[in-house]
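What follows draws every value from the coordinates through simple rules; no lab data is involved. Keep in mind that what you see is a predicted model, and the values were worked out from it rather than measured. Glycine also receives a Cβ, built like all others from the backbone with ideal geometry; neighbour counts cover every protein chain displayed.
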Amino acid sequence: MSVPASVSQKPVKRESWLLRISRARWNYALSFVADAALALALLAFAAFTVDRPRAVAPVVAAALVAYSLIEYVFHRFAFHGPGSPRVFREGHAKHHAAPEARLAMPFFVPLGPAIVVTAMAIAVLGPGLGTLFAGVAAVGYFAYDTIHHLVHTPSVMFWPVPWLRAAHEVHHQRPRRNYGVTTPLWDVLLGTWTAPKKA
């Protein structure tokens with residue numbers, strides 16, 4: 001006696017529209033353009049509104065450190081955390097399954113965190129320095145996207161890409177290690193660093 005097809009088959013889980021966008025080639029290219037445009041717009045606004053020039057260097061340094069921590073925390077807890085949103089975990093799992101595939105978060109998603117960071121920075125530092133802080137953090141995100149692209153492009157061999165590639169490969173082999181892409185700083189400080197093997 002055969003079982004009706006409607007009973008024997010499990011329902012097919014539909015892929016999120018965000019994951020479908022993340023696979024699109026146009027989204028991959030557009031994400032670089034959108035990230036660069038956001039950083040340039042914030043920095044241009046800051047260039048005309050900074051009213052305390054002596055504070056620029058400390059704000060730039062603080063923004064770079066803050067961005068690197070945001071990168072680490074987001075990668076560790078949003079992409080690999082057990083309680084993170086399913087769309088983040090599934091999208092990142094697709095990247096781990098096919099590291100050479102050109103996948104990118106939908107180009108408009110980083111705008112949300114950028115608005116939050118910008119608003120908080122302006123509340124603390126004022127419009128000029130706050131926008132500078134956010135602009136430098138946006139440059140950090142653009143650097144992350146660019147470095148991540150380069151480490152997954154084997155033909156790119158200029159320094160320091162081979163070392164960054166080797167450090168990131170550790171993460172692909174051991175997903176609980178080496179969350180930082182632009183820097184190992186927080187991995188070292190928080191005990192998740194594994195040095196890559198020397199060639």
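For the chain, averaging the sequence separation of C-alpha pairs within contact (under 8 Å, six or more residues apart) and dividing by the residue count gives a relative contact order of 29 percent.
Rounded to the nearest 10 degrees, the angle from helix 127-151 to the longest Cα principal axis of the chain is 40 degrees. Helix-only arithmetic for the chain: the sum of -39500 (n - 2.57) across DSSP H runs with n ≥ 4, divided by the residue total, places the mean residue ellipticity at 222 nm at -20000 deg cm²/dmol. Label-to-label distance, HIS96 versus SER84, with points set 7 angstrom from Cα along the beta-carbon direction: 0.9 nm. Using the Cβ of ARG23 as centre and a radius below 12 Å, the other residues enclosed give a net charge of +2, where K and R count +1 and D and E count -1.
Taking the chain as a Gaussian network of alpha-carbon nodes connected by springs under 10 Å, the highest mean-square fluctuation of the residues GLY130, GLY140, GLY81 belongs to GLY81.
For the stretch 21-32, 3J(HN,Hα) computed residue by residue from phi via the Karplus equation (6.51, -1.76, 1.60; θ = phi - 60°) reads 5, 4, 8, 6, 4, 4, 5, 4, 5, 5, 5, 5 Hz, glycine and proline entered as x.
Nothing charged except the Cβ atoms of Lys and Arg (+1) and of Asp and Glu (-1): what's the magnitude of the dipole of the chain about its Cα centre? Round to the nearest 20 debye. List each step's numbers first, then the result.
Numbers: 19 positive and 9 negative charges, 137 e Å.
Dipole size: approximately 660 debye.
Can you compute the equivalent ellipsoid semi-axes for the chain, i.e. the square root of 5 times each eigenvalue of the Cα gyration tensor, sorted largest first and rounded to whole Å?
Numbers: eigenvalues 238, 98, 50 Å².
Over the Cα atoms of the chain, the semi-axes work out to 35, 22, 16 Å.
Stretching LEU189 away from LEU40 to a fully extended chain increases their span by 50.6 nm, per 0.36 nm per residue minus the current alpha-carbon distance.
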